[in-house]
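The values are calculated or read from the model by the stated rules, or taken from the named source; none is laboratory data. Because the structure is predicted, anything quoted here is derived from the model rather than measured. Every residue, glycine among them, receives a Cβ derived from its backbone with ideal geometry; neighbour counts consider all protein chains shown. To get the accessible areas, we keep the full protein, side chains included, count just its heavy atoms, and leave off ligands, DNA and RNA. Shrake-Rupley method; radii C 1.70, N 1.55, O 1.52, S 1.80 Å.
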Amino acid sequence: MPWDRLPAASEVFAGLPRALPDDGGLRESVRAMRAADGLLLGVLDDDPTGSQAVHGVQVVTVLEEDAYQAAFGAGPVCFVLTNTRSLAEPAAVERTMEAAGGLIAVAGRRGARIQLVSRSDSTLRGHVMAEVAALQAARRQALGSGFDGVLLVPAFLEAGRLTAADIHWARIGGDLIPVGQTEFAKDPAFGYTASDLKDFISHKSGGTIDRGEVASISLADIRLGGPSRVCDLLAGVRDGAWVIVNATEYSDLDTVACGVLLAERAGRSFLFRTGPSFVRALAGLAPMAPLRGQQIWPRTRRGEHGLIVVGSHVSQTSRQVAALRARRVTADIELDVASVITSPDQVVADTAQQVVAALSRSDVLLYTSRTMVRGRDAAGSLAIARAVSAALAQTVRHALAAEPAWVIAKGGITSHDIALHGLGIRRAEVAGQLFPGVISLFRPIDAAPQAIGMPYIVFAGNVGDDQALAQVVAILNGEQQDR
């Protein structure tokens with residue numbers, strides 16, 4: 001369905017069946033089924049922002065089975081940060097297969113069955129078809145068969161990403177806009193035009209999948225039929241077919257999660273390509289209040305000042321940076337993207353020296369120049385993004401000598417590279433979020449010595465209002481305690 005013929009949001013949402021009430025008992029049923037079935041959940045996250053809706057789970061940044069084993073020793077959910085959105089497609093496929101193979105192997109040694117989630121951007125950017133194909137191949141290689149179906153569940157409810165009438169919507173300035181009409185769809189590496197998810201899959205497949213071959217679970221199915229209806233629909237899915245999951249409330253996602261488990265008990269197998277919210281539902285996790293006070297600072301702080309690192313270039317982030325700078329509470333240091341491309345080592349050395357000096361007297365805002373520098377094509381744009389992110393991570397690595405009290409990373413690729421290459425994080429716990437379901441706080445467990453236990457804030461580029469970054473800084477400094 002071309003974007004210019006999409007129905008209006010008011011028309012779509014006015015005609016929906018009434019949402020089911022939030023049901024803690026249903027989440028408990030999901031947890032009980034998972035426990036009874038000895039079921040693990042492995043989430044391959046294309047950047048660290050996929051854990052925004054969960055808490056009390058561990059994330060791993062390295063492709064090592066011992067690290068997965070340690071994470072599963074702490075609980076049945078493990079996030080593996082693959083950072084594939086920063087890679088060209090062949091490298092993304094290779095990394096996805098390696099991570100999936102390791103997760104399947106660890107589950108086998110534990111005598112457990114594992115579900116795999118390909119957690120992706122809630123505004124549909126990323127190597128959608130290639131990563132799903134890689135996970136199908138990894139399962140066939142390890143277990144002899146692929147998945148019966150692929151559920152596409154991009155909803156990120158906390159950030160205003162909803163799916164209704166098979167159309168994915170983004171809440172922008174209070175209005176619901178088809179996601180194909182937002183700035184995110186103009187991404188230089190992963191752009192697209194279709195908001196109708198059946199068209200989206202058909203286009204991304206290069207036309208090899210017709211929109212008529214894509215199934216969907218409607219909000220009427222979910223709200224009027226419940227888990228049994230979802231189970232019945234999934235029973236007929238074969239040969240890796242795609243299934244759109246509509247959702248505007250957590251009760252929708254919890255119902256689908258329960259239906260999935262019932263279908264899997266009947267012998268079906270599914271792969272999931274999702275935004276952050278469905279991971280919480282599939283794990284049966286309850287919501288958690290935003291972190292404040294001693295939940296952020298369980299131990300004595302070492303440094304007095306924190307470091308904010310901004311790599312994202314979306315306009316949402318630029319407005320947040322401007323709002324923080326307007327408060328005049330940070331030392332502001334710009335990393336010039338053009339200079340990074342021509343002389344990265346010198347730029348990193350000079351910038352790190354400035355950051356270390358400034359941390360002795362105030363919080364520091366390190367941000368990339370706001371003019372977008374694009375490559376000649378999608379691969380060139382990705383290469384530039386990787387170079388800039390690497391420069392930011394190396395700068396943070398040097399800045400650890402100044403013992404920052406906390407670090408905020410703004411942007412998906414940025415937050416991954418800073419975690420792995422800047423803070424040396426191999427494994428961390430997601431303690432929770434600073435706002436309901438968004439902006440996660442990682443507590444490093446296995447990392448560079450100066451980073452262990454330090455609050456590391458993972459802040460997606462495309463979430464939060466204009467004041468969100470300034471509010472996060474205030475929360476970390478104990479100046480804002482409201483939730």
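Across the stretch 408-425, computed HN-Hα scalar couplings (Karplus, 6.51 cos²θ - 1.76 cosθ + 1.60, θ = phi - 60°) run 10, 10, 10, x, x, 4, 4, 5, 5, 5, 5, 4, 7, 9, x, 9, x, 6 Hz from first to last residue, x flagging Gly and Pro. Could you tell me the distance between the Cα centroids of the stretch 411-437 and the stretch 33-106, to the nearest Å? Cα centroid to Cα centroid, the span is 14 Å. Relative contact order of the stretch 307-364, please, whole-number percent, based on alpha carbon pairs below 8 angstrom and at least 6 residues apart. Value for the stretch 307-364: 49 percent.
Taking every C-alpha pair closer than 8 Å and separated by at least 6 residues, the mean separation divided by the residue count of the stretch 368-483 gives a relative contact order of 21 percent. Dipole magnitude for the stretch 1-85: computed about the Cα centre from +1 point charges on Lys and Arg Cβ and -1 point charges on Asp and Glu Cβ, it is near 300 debye. For the chain, the 222 nm mean residue ellipticity estimated from helices alone, with every DSSP H stretch of n ≥ 4 adding -39500 (n - 2.57) and the total spread over all residues, rounds to -11500 deg cm²/dmol.
When the convex hull of its Cα atoms is viewed from all sides, the stretch 78-221 shows a mean projected area of 9.9 nm². The charge dipole of the stretch 209-311, taken about its Cα centre with unit charges on the Cβ of Lys, Arg, Asp and Glu (plus for the first two, minus for the last two), comes to roughly 560 debye. The listed peptides 103-112, 465-474, ordered by packing as a protection proxy, come out as 465-474, 103-112 (highest mean of other Cβ atoms within 10 Å first). As a length-normalised measure over Cα pairs under 8 Å and 6 or more apart, the relative contact order of the chain settles at 19 percent. Between the labelled values [x] 41, 34, 20; [y] 35, 24, 22; [z] 34, 29, 22, the entry that holds semi-axes √(5λ) of the Cα gyration tensor in Å as derived from this structure is [y]. Which angle between 0 and 90 degrees, to the nearest 10, do you get for helix 250-265 versus the longest principal axis of the chain when only C-alpha atoms count? Tilt relative to the chain: about 60 degrees.
When the Debye formula is applied to the Cα atoms of the stretch 200-257, each taken as the same point scatterer, what base-10 log of I(q)/I(0) results at q = 0.20 Å⁻¹? Values, matching the q order: -0.75.
Angle, helix 315-326 long axis vs. longest principal axis of the chain, Cα atoms, 0 to 90°, nearest 10? Value to nearest ten degrees: 30. Considering only the Cα atoms of the stretch 326-404, their convex hull presents on average a projected area of 5.5 nm².
With every protein chain in place and a 1.4 angstrom probe, the accessible-area ranking of Ile296, Ile413, largest first, reads Ile413, Ile296. In the complete set of protein chains, residue-level accessible area for Asp221 is approximately 30 Å², probe 1.4 angstrom.
For the chain, the residue among Thr84, Gly226, Ala451 whose Cα projects farthest onto the positive side of the dipole built from Cβ charges is Ala451.
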